[in-house]
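Input: a single structure, listed below in structure tokens.
The values are calculated or read from the model by the stated rules, or taken from the named source; none is laboratory data. From a predicted model like this one, the values you see are computed outputs, not experimental measurements. When we count neighbours, we look across all protein chains shown, and the Cβ atoms used for this are built from the backbone with ideal geometry, even at glycine.
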Amino acid sequence: MNNSFVNTARLLGAGLRALLVLTLVTGVLYPLVVTGIAQGLFGDKANGSEIKADGKVVGSSLIGQSYDLPLKKGRQTPEPDLKWFQGRPANGLGGNSLNTRYKLILSGATNLAADSGAVNGSCPAKPDDGTLCAQVLAAKAAVVKDNSVPGYPVTPSQVPADAVTSSGSGLDPAVSPAYAELQVHRVAAKNGLSVTQVEKLVKDHTQARSLGFIGEPRVSVLQLNIALRELTAKRGRS
């Protein structure tokens, strides 16, 4: 009996020591080493790829934001604030009591097929029937209307695909240079700036393909709007 008790105690002691050592190594030392390496070598990415303006974090370079007017009484969705550059639609985001567009609890695509609502390759869908065709047609009409200003009428053929379709996550932070350029005249008119000034902003914030061949050229909407705000503030001070 004594031998059995001693052996059991020895095994329990060895198990507890192993638990303590593994807890220290995997639960304390390893996380500290990984966190230290991440902060030392990839600090920006490890902290969420934050974007700052006026010394404050205003967003992430990985997540899009909405630029809307305050929600009016009786409306379920806010209207876009047209003095700012607008991002891609976010039709795929679900809704619940905790989140709306771009306020993160969940993300996702529309799950609508590419031919949703199409008939013989065309889109005869009604604007409110919930199909992908209907969403695209409604979005295209809104882009044409919102971005047509005196002296610069926008036609449906000018509207790029990313202006009327959401990304797979619904959180794409960037738009194509074509969509950013389409918004230039409207943004210039709404902010009392010259078209040349706003075109330069878009050009300065257009990013090339990663490593020269991965992805497509893109423009970060948040960074572009930060630069736009700085430009309008500078104009106000002059």
With criteria (1) modelled with pLDDT under 85; (2) among the charged types (D, E, K, R); (3) surrounded by 11 or more Cβ atoms within 10 Å (Cβ to Cβ), residue 81 comes up short on (1)
Quiz item: Is it true that some residue in the range 140-150 is at pLDDT below 95, touching a Lys or Arg at 6+ places or on another chain (Cβ under 7 Å), crowded, with 16+ Cβ neighbours inside 10 Å and part of a helix (DSSP H, G or I)?
Solution: no
Screening 187, 219 for residues that are part of a strand (DSSP E or B), in contact (Cβ under 8 Å) with a residue 40 or more places away in the chain and either among the basic types (Lys, Arg) or surrounded by 18 or more Cβ atoms within 10 Å (Cβ to Cβ) (or both) leaves only 219
Taking the condition within 22 Å of the chain's Cα centre (by Cα) and modelled with pLDDT under 95, does residue 182 pass? no
Picked from the range 168-181 (must be surrounded by 23 or more Cβ atoms within 10 Å (Cβ to Cβ) and aliphatic (A, V, I, L, M)), the residue farthest from residue 222 (Cα to Cα) is 180
Return yes or no: is residue 192 over 23 Å from the mean Cα position of the chain (by Cα) and surrounded by fewer than 18 Cβ atoms within 10 Å (Cβ to Cβ)? yes
Taking the range 163-179 and keeping only residues that are at pLDDT below 95 and not hydrophobic (A, V, I, L, M, F, W, C), one is left with 165, 166, 167, 168, 169, 170, 172, 173
Going by the conditions given, is residue 48 closer than 29 Å to residue 63 by Cα, loosely packed, with under 10 Cβ neighbours inside 10 Å and modelled with pLDDT under 90? no
